[in-house]
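To keep things clear, I will list the structure first and then write my remarks on it.
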Amino acid sequence: VTQTKDRISGVDKLRLQICNGTKSALKVAEQYTRSGECSVDFETLEPGEVATVRFRGDGGYGGSLAFSLDGGKELLMLAAYTSRLSKSDFFGLEFSSDVAVKAKTFYDRMPRAFLGVVPGGP
C-alpha cells in the first residue's frame, strides 16, 4: 500500500495504491462510508496487479472496505479516517480469517487514536 495525501480548498483526499502480492484474486466484498466518499477503481484485482482506493471529503472522510481473497476464505480489511481534531490522516490494514466481519465492524473496532480521540479525552 502506498499513501498519497492531498488537501486542496478544504477537501481532504487520500489515495492508496494497492498491489496484490497474493496468489489469488482480490475482490471488493463490501464498502462502508461513514463520511465523505470512497471509491475503488477495480472489482477484481488479479495477482501482481496494482489499483487505487480513494477517500475524499469536504472537512474529512471516514470509511472502510472489505476485500475477499483465496476464494472467499479470507478478508483484507482497510479503513481510513481524517481526524477533525488533529487534521491528521490515519489508515489501518488487516487480514482476517473471520469472513463474517463486516466493513463497518472493522471500522468501529479501530483504536481510539485512529478515530482522533485525544488520550484522556472523552
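Annotation for residue 109 and residue 46: the two label points, set 7 Å from Cα along the Cα-Cβ direction, are 3.2 nm apart. Within a straight-line Cα-Cα reach of under 19 Å, residue 87 can be paired with the following lysines, leaving aside sequence neighbours fewer than 8 residues apart in one chain: 5, 13. Here the scattering of segment 2-109 is modelled by Debye summation over its C-alpha atoms, one equal scatterer each and no solvent; at q = 0.21, 0.23, 0.24 Å⁻¹ the log10 of I(q)/I(0) is -1.08, -1.25, -1.32. For residue 27, the lysines whose Cα falls under 18 Å of its own Cα, not counting residues fewer than eight places away in the same chain, are 73, 102, 104.
Counting Lys +1, Arg +1, Asp -1, Glu -1, what net charge surrounds residue 21 among other residues with beta carbon under 12 Å of its beta carbon? That sum, taken over residues with Cβ under 12 Å, equals -1.
Each other residue within a Cβ distance under 13 Å of residue 98 adds +1 if Lys or Arg and -1 if Asp or Glu, for a net charge of +1.
For segment 2-109, what does the relative contact order come out to in percent, with C-alpha contacts under 8 Å and a separation of six or more? With pairs under 8 Å counted, the relative contact order is 24 percent. Here the calculated FRET efficiency for residue 23 and residue 87, from their Cβ-Cβ distance with R0 = 30 Å, stands at 0.15, rounded to the nearest 0.05. Counted residue by residue at 0.36 nm each, then reduced by the alpha carbon distance between them, the extension gain from residue 94 to residue 30 reaches 21.6 nm.
Bear in mind that the values in this text are calculations on the coordinates, not laboratory data. In this text, all values refer to a predicted model and were calculated from it rather than measured experimentally. As a convention, Cβ positions derive from the backbone with ideal geometry for all residues, glycine included, and neighbour counts pool all protein chains shown.
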